[in-house]
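The values are calculated or read from the model by the stated rules, or taken from the named source; none is laboratory data. The structure presented is a predicted model; accordingly, all values stated were derived computationally and were not measured. Don't worry about glycine lacking a Cβ; one is built from the backbone with ideal geometry, like all the others, and counts go over all protein chains shown. Just the protein is used for accessible areas: all its heavy atoms, side chains included, with ligands, DNA and RNA removed. Shrake-Rupley method; radii C 1.70, N 1.55, O 1.52, S 1.80 Å.
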Amino acid sequence: MINRLRVWIWLIAFFTLSKALQAQSFRTVSGYVRDSASGERLNQASLQVQTTQGSVLQVQSNNYGFFSIQTPTGALKLLCSAPSHLDKTISLTPEGDITLNIDLSPLAEAIEAVYIGASRNANVRGLAMSTQSINGQTIKKIPALLGEADVVRSIQLLPGVSTVGEGASGFNVRGGGIDQNLVLMDEAPVFNSAHLFGFFSIFNPDAVKDVQLIKGGIPAAYGGRLSSTLDVIMRDGNAKEFKSSGGVGTIFSRFAVEGPWLLERSVKKKPKVKESGSFILAGRRSYIDLLAKPFLPESLAGSQFFFYDFTAKATYTRGNDRFYLSSYLGDDVFNAVDVFGFKWGNSTATARWNHVFNSRLFANTTYYYSRYRYNFIFNAGGNRFDWQSYIVNNSLKSDFKWYANPKNEISYGAQITHYRFIPGEAEANNVSGRTVFGLPDRYALENAVYFSDDINANGRFSLRAGLRISQFLYLGPGKVYTYAPAFEVGQRRFVESISPSAKGEIVANYINPEPRLGLKYEIDKQRSLKMGYNRMAQNLHLISNTAASVPLDVWQPSTNNIKPELADQITLGYFQNLVLPIKGKPDASFESSVEGFYKTLQNQVDYIDGASLLLNEFLEGELLSGIGRAYGVEAYLRKNSGAFTGWLAYTLSRSERQVEGINNGDWYPNRFDRKHNLSLVTQYQLNPEWDFAVNWVFSSGTPTTFYSGQYTVQGYLVPDAGSKSRNNVRNPNYHRLDLSATWTRRKHENWERSWVFSVYNAYNRRNPFSIYFDTNYKDLGQNAAIRYSIIGSFVPAVSYNFKWN
């Protein structure tokens, strides 16, 4: 009874405060922020209004470019700014609500105009923390392997982000595995973000508008992964004129075309209602197989070694409604005729509907389909083995943003996702005939609801309080396995019983509340302190026993035997912006931050020594569960304006696990643990034609396991792991220098071309991916340590890019 009374008191107080604030003389200014040249809507634009009392009200446009800000009445001025665009000041009428679209001009090519950073102290004044954004223009300027701009390689240069090495898929954030990152492409999740075993990502830079990485203080709207959310927003396409762009590189070529399929016009019989539409199509294909074809023996004629991807998006706007359709299709194909075949890829489709109910209520409804497929074919002596696996999910969700009053911005929504796991369908053909076998499909349903309130967002002290509640249902039909306890800790568990489950039957039901909290104390307009807490739950698990994840790694849902992974993270941060005057030139703008984090993890999935992960019906009996922890400090300094821009990022961190049966039950470092990570990214625009860029990275070596002894049996040498240790030594440190120079020439106003000259690993460092031992079992004591490098020399490259309109 007392608890119910408290709830009612809080509700009455909340609505009383809301009504009191609404009774004051406030009006709402709302609309969209757009690029004046393309009509593209701009996310993360900053809008500021300075009141007559001297306080500053600020809001950011959302992922769809919409904003709503409540200001006092009176003749005020609104300042709008966005990365890579010129500021714009608008005079507001004294009375009444205002609806307006703000068109910002892209920055000219003049050196002094370059600005790549956050919008108007948003990093200091906003509640968000542990968040970095990189727009498409910045990504294209960063030196990369073979001269090709890449999204994932760009974010690996940010604080708190690492990778186990070249040729490794995905990325690691604050001590988490690659499966603990939620990677979204226009809101659809992708399960493998890599082409060519990790050398390139699946995101075509010509189609990318903005990339946002959230590592801590994660908003309640996101869930399903423990460590981070990588939100990749694709471009909508030019709404004003047709354009094309592309490039020819050392390893692949790309082409994109965009334009309006419907120029803005008034709707028939509704002259006040406008409608318009845009589209973009972008594709890439590598040509390793074409270049290698003259050198292949006749027995391998017709072999295929390539990857491709195709991205498409279309928009339609009608009054207060906007509709989006976007899709992605990509595959990696490695097929040596009559020897082996290897193929994996993602496909996604997203349909979204934006609706503005009124000046203070925005809604987005999304349906997406996502599929990840991987298969393997092996041929030998007339025998053929064909195996394939899929993960398919369909989801429907709705998100609402209510700008309730000047003190409260409320977000809420719900989502339902259906999963189908096809862990293995195999076919074997030989002289004896054809055999078909595999593992049964698995099904699951995930539901989530969330609520979050940004309280006093423009005040000196601000609070973000949120709650996400997730439910995961492991469903039939299928087989339900019950395992007996292991005879010894860390050993295989054997099946005790197998029972069938009916279609739709709930085999396991997990409900997890996930609270979120953010605090901000604004010391002054240039400095602030922030704190964030989030609990995350994850019900999809990647089972891997390799140093770097590969496309054949096994994905498993939470079941009656595998519990959801949980993580609790607390983050503290200090943020400061600096503006340094430079005589005769625009001021130099810097943003900086120092953040510390501590994260605990539960139900971490590991495996027994000698576990069999592929096509193993009883895999759950070979898995172990443990706990984890990750902690560290991140420092970030970024120069945003002028001819010379870039950033310096340093991370000092540890990531460890403790699992009974591994390493004698003691804590051991994760295979992706790197104590030190340092990245220096610099870009210099000499003049409108020449750009230069330099990257330098350093990181501690990754852990690996060496055997601790050896013994002989009948004259043969046998390595001995000794005390069942895990990750007991480290590979040597990693460091690398990358250089690039870009020459751009505009032949006339409708044609632009550029040449990119780059060198990856400029000083020829042989960074070890791993170290292993070549043991001569007959010659006692002869053990050779082999240092294996994916890229063991410098890699020069030249690429040609063009734009036409």
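Evaluation of G665 against the conditions (1) open to solvent by less than 70 Å² (accessible area, probe 1.4 Å); (2) farther than 27 Å from N603 by Cα shows that the sole unmet condition is (2).
Scanning region 119-143 for residues that are hydrophobic (A, V, I, L, M, F, W, C) and open to solvent by less than 10 Å² (accessible area, probe 1.4 Å), we see that the one that is nearest to the chain's Cα centre (by Cα) is I134.
Which one of I506, I523, I562, I511 is surrounded by 20 or more Cβ atoms within 10 Å (Cβ to Cβ) and of a type in the set (A, V, I, L, M, F, W, C)?
Going through I506, I523, I562, I511 in turn, just one is surrounded by 20 or more Cβ atoms within 10 Å (Cβ to Cβ) and of a type in the set (A, V, I, L, M, F, W, C): I562.
Kindly establish whether R371 is open to solvent by 30 Å² or more (accessible area, probe 1.4 Å) and in contact with a strand residue (DSSP E or B) (Cβ under 8 Å, 6 or more places away or on another chain).
yes
Tell me yes or no: at least one residue of region 743-754 is over 30 Å from K803 (Cα atoms) and either open to solvent by less than 50 Å² (accessible area, probe 1.4 Å) or in contact with a helix residue (DSSP H, G or I) (Cβ under 9 Å, 6 or more places away or on another chain) (or both). No, region 743-754 has no match at all.
Tell me yes or no: at least one residue of region 583-602 is outside any strand (DSSP E or B), at pLDDT 95 or above, in contact with a Ser or Thr (Cβ under 6 Å, 6 or more places away or on another chain) and of a type outside the set (A, V, I, L, M). Within region 583-602, not a single residue is outside any strand (DSSP E or B), at pLDDT 95 or above, in contact with a Ser or Thr (Cβ under 6 Å, 6 or more places away or on another chain) and of a type outside the set (A, V, I, L, M). All conditions in (1) at pLDDT 90 or above; (2) under 17 Å from G126 (Cβ atoms); (3) under 28 Å from the mean Cα position of the chain (by Cα) hold for G39, with the sole exception of (2). Taken over region 660-713, the criterion of being hydrophobic (A, V, I, L, M, F, W, C), in contact with an Asp or Glu (Cβ under 8 Å, 6 or more places away or on another chain) and without any contact (Cβ under 8 Å) to a residue 60 or more places away in the chain is satisfied by W667, W696. The residues in region 547-579 that are of a type in the set (D, E), in contact (Cβ under 8 Å) with a residue 40 or more places away in the chain and either assigned to a strand (DSSP E or B) or under 22 Å from E514 (Cα atoms) (or both) can be counted, and the count is 1.
Of all residues assigned to region 214-228, at least one qualifies as being under 23 Å from R638 (Cα atoms), in contact with a helix residue (DSSP H, G or I) (Cβ under 9 Å, 6 or more places away or on another chain) and touching a residue at least 12 places away in the same chain (Cβ under 8 Å). Of everything listed in (1) touching a residue at least 60 places away in the same chain (Cβ under 8 Å); (2) surrounded by fewer than 21 Cβ atoms within 10 Å (Cβ to Cβ); (3) of a type in the set (A, V, I, L, M, F, W, C), the single unmet condition for L637 is (1).
Within region 144-155, being closer than 23 Å to P732 by Cα and open to solvent by 20 Å² or more (accessible area, probe 1.4 Å) holds for one residue alone: R153. From S84, S55, S68, which residue is in contact (Cβ under 8 Å) with a residue 40 or more places away in the chain and open to solvent by 40 Å² or more (accessible area, probe 1.4 Å)? Only one candidate passes the filter, namely S55. I'd like to verify a number: residues in region 236-256 that are part of a loop (DSSP other than H, G, I, E, B) and at negative phi, how many? Adding up the residues that qualify gives 9.
What are the pairs with Cβ atoms under 9 angstrom where one residue, in region 484-503, is in contact (Cβ under 8 Å) with a residue 24 or more places away in the chain and the other, located anywhere, is open to solvent by 80 Å² or more (accessible area, probe 1.4 Å) and not in a loop (DSSP other than H, G, I, E, B)? Sequence gap at least six, or different chains. Going by the 9 Å Cβ cut-off, the qualifying pairs are P500/K479; S501/K479. Counting only residues that are under 30 Å from Y412 (Cα atoms) and in a strand (DSSP E or B), how many does region 494-522 have? Total meeting the criteria: 17. I'd like to know if region 282-298 contains one or more residues that are farther than 25 Å from K397 by Cβ, modelled with pLDDT under 95 and in contact with a Leu (Cβ under 7 Å, 6 or more places away or on another chain). The answer is no; no qualifying residue exists.
The residues of region 616-631 that are open to solvent by 50 Å² or more (accessible area, probe 1.4 Å) and assigned to a loop (DSSP other than H, G, I, E, B), listed by number, are E617, F618.
Applying the criterion of being in contact with a Leu (Cβ under 7 Å, 6 or more places away or on another chain) and of a type in the set (F, W, Y) to the residues of region 675-709, the residue that is farthest from W743 (Cα to Cα) is F698.
Just one of the listed residues (R284, R254) is touching a residue at least 60 places away in the same chain (Cβ under 8 Å), among the charged types (D, E, K, R) and open to solvent by less than 80 Å² (accessible area, probe 1.4 Å), and it is R284. Residues of region 535-559 that are open to solvent by less than 10 Å² (accessible area, probe 1.4 Å), modelled with pLDDT of 90 or more and more than 16 Å from R420 (Cα to Cα): M536, A537, Q538.
The criterion of at least 2 residues that are in contact with a helix residue (DSSP H, G or I) (Cβ under 9 Å, 6 or more places away or on another chain) and either open to solvent by less than 50 Å² (accessible area, probe 1.4 Å) or modelled with pLDDT of 85 or more (or both) is met by the following strands (runs of 3 or more DSSP E) wholly inside region 396-493: 408-430, 478-483. From the list Y711, Y650, the one residue that fits, being modelled with pLDDT under 90 and either open to solvent by less than 50 Å² (accessible area, probe 1.4 Å) or in a strand (DSSP E or B) (or both), is Y711.
When the residues of region 320-368 are filtered to those that are loosely packed, with under 15 Cβ neighbours inside 10 Å and out of contact with any strand residue (DSSP E or B) (no Cβ under 7 Å at 6 or more places or on another chain), the one that is modelled with the lowest pLDDT is V337.
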